[in-house]
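Notes for the one structure printed next.
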Amino acid sequence: MFVSAFDLFKIGLGPSSSHTVGPMRAAHRFAHELAADGKLDSTGHVVVDLYGSLALTGRGHGTDRAILLGLSGEVPDRIDPDQVEPKVRRIREQRAIVLDGRREIPFHEQDHLRFRIDKTLAFHSNGMRFTAYDDAGAIVSRKIFFSVGGGFVVDEAEAQRIGEPVEALHVPYPFANAAELLAYGNESKKRIAEMMRANELALRSPDEVRSGLLERWAVMNESIER
């Protein structure tokens, strides 16, 4: 099974892909779906419950900051790292959040972001529940997400489909292990880098491959300097 470099090397806030990048993506997705479903204007406040490992180690991994930023409409691969602390500080000082970057609602962190160390959700230890309430306290929307590693996030319905057969990516050099990759190299007389590039070009345009890889290279170098 071929895994793209764009999936292996994700750009995002650290220190953890599962405890920082994933929760930020989940929070952003919940807020954005509220807007897409026309429920943003009826949302009075949002409560986020963190379970399992996210509850036990989330503060040390920056899960709390990731949730605040994601609900605000930020995504991990586009936010300016220098703006993280000012944005989080502003939310905490004003005790309010601009949901999906569009609607300001109160957000009292001690009440609206709960670390449920007493419970773990069934599917995965990195569980999150987002609940939007209207001003009368009725539920507008509720959704559970799981951060399953590598920055990937699934909701409950998607979690149920994990393990089902999926259509393989159509690339010229599919491989499941190093031996198969080396066999392709011997047969094609190509270097590993050449085969990997051919696989990426089967999924994206040459410009997308080049710009995406250069962006990742630049971020890595900036991280070293930072």
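Residue-by-condition table, conditions (1) free of Cβ contacts under 8 Å to residues at least 12 places away in the same chain; (2) of a type in the set (Gly, Ala, Ser); (3) surrounded by 14 or more Cβ atoms within 10 Å (Cβ to Cβ):
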| residue | (1), (2), (3) |
| --- | --- |
| GLY73 | no, yes, yes |
| GLN83 | yes, no, no |
| ARG89 | yes, no, no |
| GLN94 | yes, no, no |
| ASP100 | no, no, yes |
| GLU109 | no, no, yes |
| ARG116 | no, no, yes |
| PHE123 | no, no, yes |
| ASP135 | no, no, no |
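Just one of (1) within 30 Å of ARG216 (Cα to Cα); (2) part of a loop (DSSP other than H, G, I, E, B) fails for LYS87. It is (2).
Exactly one residue among SER188, SER147, SER141 is modelled with pLDDT of 95 or more, touching a Ser or Thr at 6+ places or on another chain (Cβ under 6 Å) and of a type in the set (S, T, N, Q), and that residue is SER147. The single condition among (1) without any contact (Cβ under 8 Å) to a residue 40 or more places away in the chain; (2) part of a strand (DSSP E or B) that ARG78 does not satisfy is (2). Restricted to the stretch 50-66, and to residues there that are in contact with a helix residue (DSSP H, G or I) (Cβ under 7 Å, 6 or more places away or on another chain) and free of Cβ contacts under 8 Å to residues at least 60 places away in the same chain, the residue that is surrounded by the fewest Cβ atoms within 10 Å (Cβ to Cβ) is THR57. Checked against (1) outside any loop (DSSP other than H, G, I, E, B); (2) among the small types (Gly, Ala, Ser); (3) under 20 Å from ILE11 (Cα atoms), ALA132 meets all criteria but (3). Output the residues belonging to the stretch 105-129 that are part of a loop (DSSP other than H, G, I, E, B) and among the charged types (D, E, K, R). Once the filter is applied, which keeps residues that are part of a loop (DSSP other than H, G, I, E, B) and among the charged types (D, E, K, R), the stretch 105-129 yields ASP118, LYS119. Contact annotation: residue pairs with Cβ atoms under 7 Å, 6 or more positions apart or on different chains, pairing a residue in the stretch 152-167 that is at pLDDT 75 or above with a partner that is hydroxyl-bearing (Ser, Thr, Tyr), are VAL153/SER147.
Identify the single condition in (1) among the β-branched types (Val, Ile, Thr); (2) touching a His at 6+ places or on another chain (Cβ under 6 Å); (3) part of a helix (DSSP H, G or I) that VAL47 does not satisfy, given that it satisfies every other one. Evaluating VAL47 over (1) among the β-branched types (Val, Ile, Thr); (2) touching a His at 6+ places or on another chain (Cβ under 6 Å); (3) part of a helix (DSSP H, G or I) leaves (3) as the failure. Identify all residues within the stretch 1-40 that are touching a helix residue (DSSP H, G or I) at 6+ places or on another chain (Cβ under 9 Å), assigned to a loop (DSSP other than H, G, I, E, B) and not β-branched (Val, Ile, Thr); write none if there are none. PHE2, SER4, PHE9, LYS10, GLY12, LEU13, GLY14, PRO15, SER16, LYS39, LEU40 - these are the residues of the stretch 1-40 that are touching a helix residue (DSSP H, G or I) at 6+ places or on another chain (Cβ under 9 Å), assigned to a loop (DSSP other than H, G, I, E, B) and not β-branched (Val, Ile, Thr).
Residues of the stretch 1-43 that are among the charged types (D, E, K, R), touching a strand residue (DSSP E or B) at 6+ places or on another chain (Cβ under 7 Å) and under 30 Å from ARG197 (Cα atoms): ARG25 alone. What number of residues within the stretch 206-226 satisfy the criterion of being surrounded by 11 or more Cβ atoms within 10 Å (Cβ to Cβ) and either of a type outside the set (Phe, Trp, Tyr) or under 24 Å from PRO174 (Cβ atoms) (or both)? Residues in the stretch 206-226 being surrounded by 11 or more Cβ atoms within 10 Å (Cβ to Cβ) and either of a type outside the set (Phe, Trp, Tyr) or under 24 Å from PRO174 (Cβ atoms) (or both): 12 in total.
The values are calculated or read from the model by the stated rules, or taken from the named source; none is laboratory data. Not measured: the values here are computed from a predicted model. As a convention, Cβ positions derive from the backbone with ideal geometry for all residues, glycine included, and neighbour counts pool all protein chains shown.
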